[in-house]
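Working notes, structure below.
No value in this document is a laboratory result; all are computed from the given coordinates. In this text the structure is predicted, and so the values were computed from the model without any measurement. We place every Cβ from the backbone using ideal geometry, glycine too, and count neighbours over all the protein chains shown.
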Amino acid sequence: MAILVTGGAGYIGSHTCVELLNAGYKVIVVDNLSNSCETSLARVQEITGKELEFFKVDLLDKEALNFVFGKYDIEAVIHFAGLKAVGESCEIPLKYYQNNITGTLNLCEIMKKHEVKNLVFSSSATVYGEPKSVPVYEDFPLSATNPYGRSKLFIEEILQDLYKSDSSWNIALLRYFNPIGSHESGKIGEDPNGIPNNLLPFVAQVAVGKRAELSVFGDDYNTKDGTGIRDYIHVVDLSIGHLKAIKKLNSNPGIVAYNLGTGNGYSVFEIIEAYKKASQKEIPFKIIERRAGDIAISFANAEKAFNELDWKAERGIEEMCKDSWKWQSENPNGYDKS
Ligand code: NAD
Ligand code: UD1
């Protein structure tokens, strides 16, 4: 039996492929390489010493997807494929809805046709909108403030409807907090196109000398030092959460949602300090105005994943920054897609 991974060449997908291969699964990746390249998969195979199958397939191409499902005996699907830049989603919302939602509809239709009904979906803490309090629990009200977040929320609702119509589906909605870090080998990592939107890749590029300084988006939040607080989680811990979710689906739980976070919040200033220590580099920064749509503070209550998946994040902030720095310093131009 095999696990089909959509978006497996991307940041979280490639790390999850490593964990799947190490655990002995057969892995089939479909990815259109719109935000990744095949080098990541070559590195996954180098790290594990095992092979995976790769198909350059767009989820919008149902026929190609159908071909892959016809070729293998697939046990479950882990669905990472999607566009994820919040700012861009406000500029080209139709593309985001088309790619993320239609892509997921196509995937579910083909899964159903082939009687594959175990699905792990990459959701996000963004579905909690501005949480009323922290830590954030899975039963908090859901909302969205931008097309990217809305695509995640809509997909969660679509999957709820799918389950209601046919209870033989088993679906895990994994709500990630802020994935950072890299595999300890330094061979795979986050490789954003252009100017990074997220804090960690930006800090990493400042540390390596690719960017002059970090802009800190506001120091007047009602937090311990005035900067935004988030729950950063090591991407390897996050990846392991997906293997636990697959195991859970085998017990026929129906549709279930889990927060994948550490339960700890770190401010932007704390991250700068931790990264300085890990890299032994200066991180020049300036304070600018708040970023539109940002919330002050978000961190998870991850007890449900601990109780029901037997999963918890093991890696602390030092390890996250150390591993991120190993990847960044050894691959200053990422996978060098040029
Ligand atoms: P990523 O961009 O590195 O990986 C996504 C992969 O999907 C890419 O390889 C891309 O080429 C592929 N893809 C996109 N559209 C496709 C399509 N139509 N058909 C086939 N392949 C397609 O992103 P990531 O950081 O690894 O995120 C993976 C998933 O997790 C995404 O769904 C993202 O929204 C979600 N998520 C990410 C974060 C984060 O901070 N990285 C946080 C919460 C949720
Ligand atoms: C962002 C997205 C969110 C997405 C998440 C993970 C927005 C508004 N939200 O959230 O939808 O789920 O990434 O992909 O884009 N910061 C700086 N300077 C920077 C970058 C970030 O000060 O150059 C600050 C932010 O204000 C925030 C913290 O760092 O306080 C983390 O930012 P980021 O990494 O972008 O994650 P989120 O804001 O949680």
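Put +1 on the Cβ of each Lys and Arg and -1 on the Cβ of each Asp and Glu in the range 144-297; which of GLY261, ALA278, SER168 then has its Cα farthest toward the positive end of the dipole? Going by the charge dipole, the pick is SER168.
Across the chain, the longest piece that holds none of the GluC sites (Glu not before Pro) lying in DSSP loops with up to 13 other C-beta atoms within 10 Å covers 116-212. A simple spin-label model places the labels of ALA64 and GLU289 4.2 nm from each other, with each point 7 Å out along Cα-to-Cβ. Candidates PHE140, ASN35, GLY129 compared by Cα position along the dipole of the chain: farthest toward the positive end lies ASN35, with charges placed on Cβ.
Plugging the Kirkwood radius over Cα pairs into Stokes-Einstein for the range 97-198, at a temperature of 10 °C and a viscosity of 1.306 mPa s, what D comes out in µm²/s?
Values: Rh = 15.7 Å.
In µm²/s, the coefficient is 101.
Taking the Cα centroid of the range 175-215 and of the range 242-285, what is the distance between the two, rounded to the nearest whole Å? When both Cα centres are located, 14 Å separates them. Based on the Kirkwood approach, the hydrodynamic radius assigned to the chain is 20.2 Å, with every pair of different Cα atoms included. Here the range 120-170 is assigned +1 on the Cβ of each Lys and Arg and -1 on the Cβ of each Asp and Glu. Its dipole about the Cα centre then comes out at about 140 debye. In a DSSP loop and with at most 16 other Cβ atoms within 10 Å, the trypsin sites (Lys or Arg not before Pro) in the range 214-278 are LYS224.
Taking a point 7 Å from the Cα of LEU94 along the Cα-to-Cβ direction, the residues of the range 147-161 with backbone N closer than 17 Å to it are 147-148.
Working note: 222 nm ellipticity from helices only, DSSP H runs with n ≥ 4, each -39,500 (n - 2.57), summed and divided by the residues of the chain, gives -11500 deg cm²/dmol to the nearest 500. For LEU260, the residues whose amide H sits under 5 Å from its own are ARG175, TYR176, PHE177, ignoring neighbours fewer than 5 places away on the same chain, with H placed 1.01 Å from N.
What residues of the range 65-104 lie in the reach of a label at PHE55, counting those whose backbone N is under 20 Å from a point 7 Å from the Cα along Cα→Cβ? 65-83, 99-104, by backbone N distance to the label point. Summary of the geometry: the range 89-105 and the range 41-85, compared by the centres of their Cα atoms, lie 20 Å apart.
Given Cβ point charges of +1 (Lys, Arg) and -1 (Asp, Glu) and nothing else, what value in debye, to the nearest 20, does the dipole of the chain about its Cα centre take? Let's see the in-between values first.
On the way: 36 positive and 45 negative charges, 21 e Å.
Roughly 100 debye, rounded to the nearest 20.
Note: relative contact order over the chain, using C-alpha pairs below 8 Å and six or more positions apart, is 19 percent. Projecting the alpha carbon convex hull of the range 1-155 along each direction and taking the average yields 9.7 nm².
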